[in-house]
Structures are given as C-alpha cells and as structure tokens.
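*Asks:* Let me give you the structure first, and then I'll get to my questions.
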Amino acid sequence: MPARKSGAGRTEKRLSVRPRELLKARGLRSREFLKKAAREVLNEQGYPSLRVQDVAARAGVATGLFYRYFHDLREIVGELAEDFFAELHASAAQPVKAAHPYAWIVATLRNVTTKFAANPGMLACLFGLAGDYEEFDEIWKRNAHRWNLEVARFLTRDAGYDRARARRAAFMLGAMTEGVIYQALIRHTADLVQLAGRPDELADALAVMWYRAIFLEDPPRAQLRASGQRLIAPPQRRRKT
C-alpha cells in the first residue's frame with residue numbers, strides 16, 4: 001500500500017477503510033440476525049436447551065460474533081422479551097370506543113393469546129425465569145402493569161368506572177388472564193384445552209368472563225362465536241300455551 005507524507009513530515013499509510021455508517025449498518029444487521037435466530041431457537045427448544053452455537057448457526061454466523069454483540073444468552077433473551085412486549089403493545093386494540101364493549105375486550109384478548117401462543121418459548125421463559133432472574137421479573141412486571149393500565153382506561157371510558165375502581169378491577173382481570181394463559185398455553189391443563197383448544201377460542205372464553213365481571217351480565221349472544229356461547233346460558237324457550 002503506498003505511503004504519503006503527513007503535514008509534519010511523517011510518513012503515513014493510506015488506509016482503505018469502509019465508511020463508518022456502512023460498518024454500523026452491517027453490524028446492526030448482524031445483531032438483528034442473531035436476535036431473530038435466538039427467538040426462533042428459543043421458541044423451538046426452550047430456554048434450558050438454548051445454546052449460543054445453535055443461535056449462531058441459525059443466523060449463519062460464527063459463534064464468536066455472538067459475543068461481539070451480547071454478553072450471554074440472558075442478555076439476548078432479555079432484549080427479545082422487550083421486543084416482544086413492544087410488538088404486543090403496538091398491535092393492541094386501539095383506544096377508541098368500539099361498536100360494543102365486548103368487541104374491544106375480545107380483540108384485546110385475542111391479540112394477547114395469539115401472540116403468546118406463537119411464542120411458546122418466550123412465554124415459558126418469562127413465566128419460568130421471572131422468579132429466578134431479576135431482569136426478566138422486571139420486564140414482566142413493567143409490561144403487565146402497562147397493559148393493565150390500558151384495560152383501566154377502557155373501564156373508565158366504556159364501563160363507567162371511576163379511576164380508582166377501574167385500576168383495581170384491571171389489575172384483577174390481568175392476574176386472572178395471566179393465570180389462564182399459564183394453565184392453557186404452558187401447562188396445557190386438559191380442562192382448559194377441551195374448553196378452548198385454540199388461542200382465539202381461549203380469548204373468547206376469557207372475554208365472556210371479563211364481560212361478566214365488568215358488567216355483571218352475559219355479553220349479547222349476537223356478539224359471540226360458538227366458543228363463547230358455550231359459556232353462557234342457552235336462550236329460554238317459550239312454553240307452549
């Protein structure tokens with residue numbers, strides 16, 4: 001490589017370097033490839049079986065490149081959890097008055113159940129590791145709280161609750177939903193699977209229970225699909241005179 005004289009008379013090599021922006025963009029792409037691969041492997045194998053070499057192989061990079069961007073698996077899974085909740089909040093039902101309160105409830109719950117069902121490794125990781133790793137516990141609590149506050153806003157807007165009562169009710173509904181999702185999607189409790197085997201059916205069942213708890217009555221039958229109608233009383237037949 002040819003040399004040139006510097007202004008002070010020193011000889012410097014002419015370095016052929018890539019633009020900083022290009023290097024940064026390629027580094028970000030590599031980082032995102034690793035995160036995408038880690039999410040796939042996590043959902044396929046679960047956190048206990050997650051290995052750096054498997055993530056790197058899925059991303060199509062050398063194992064050493066993983067450690068250029070992440071300290072360990074806990075760090076990358078923590079980022080994945082943050083990304084997952086960001087997607088969940090972004091795709092939540094919009095905070096506008098729906099045609100009927102039940103429509104908002106069921107749309108909100110279907111968003112949750114379908115996204116968790118599509119990411120079983122992430123769900124199991126958050127439930128199983130939140131008690132053992134402080135960072136996972138913090139991610140779960142912070143995002144659950146944010147989601148509960150969105151429910152509280154719905155309760156004040158569409159159900160006539162005052163702010164304090166709306167918050168209390170939202171926290172209870174959130175805890176109930178968390179328990180049902182855990183039983184259905186992680187433990188695969190037979191009773192729940194028989195009642196609602198698909199994520200959308202699980203959301204329908206939860207929505208009926210929410211509506212009852214909020215409005216102290218069954219949701220209108222016209223709003224329900226078959227999976228929701230199984231949880232309400234059949235229409236009464238008129239007696240023949």
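*Asks:* Quote to one decimal, in nm, the extra length available between His71 and Arg163 on full extension: 0.36 nm per residue of separation minus the C-alpha distance between them.
*Replies:* Value of the extension gain: 28.8 nm.
*Asks:* While we're on this one: Using the Cα atoms of the stretch 127-179, I'd like the radius of gyration and the largest Cα-Cα distance, Dmax, both in angstrom.
*Replies:* That works out to 12.7, 40 Å for Rg and Dmax.
*Asks:* Oh, and also: List the pair-distance distribution P(r) of the stretch 96-155, using every Cα-Cα distance, as the percent of pairs falling in each 5 Å bin from 0 up to the bin containing the longest distance, rounded to whole percents.
*Replies:* Here the calculated profile for the stretch 96-155 is 4, 16, 20, 22, 18, 11, 7, 3, 0.
*Asks:* Is there a quick way to get the dipole size of the stretch 51-148? I mean about its Cα centre, with the Cβ of Lys and Arg at +1 and of Asp and Glu at -1; what is the value in debye to the nearest 20?
*Replies:* My answer is approximately 480 debye.
*Asks:* Considering every pair of different Cα atoms, what Kirkwood radius, in Å, is found for the stretch 35-138?
*Replies:* One decimal place: 15.1 Å for the Kirkwood radius.
FYI, it's all coordinate maths here, none of it is from the lab. This is a predicted model, so every value here is computed, not measured. Quick reminder, even Gly has a Cβ in these numbers, built from the backbone with ideal geometry, and neighbours come from all protein chains shown.
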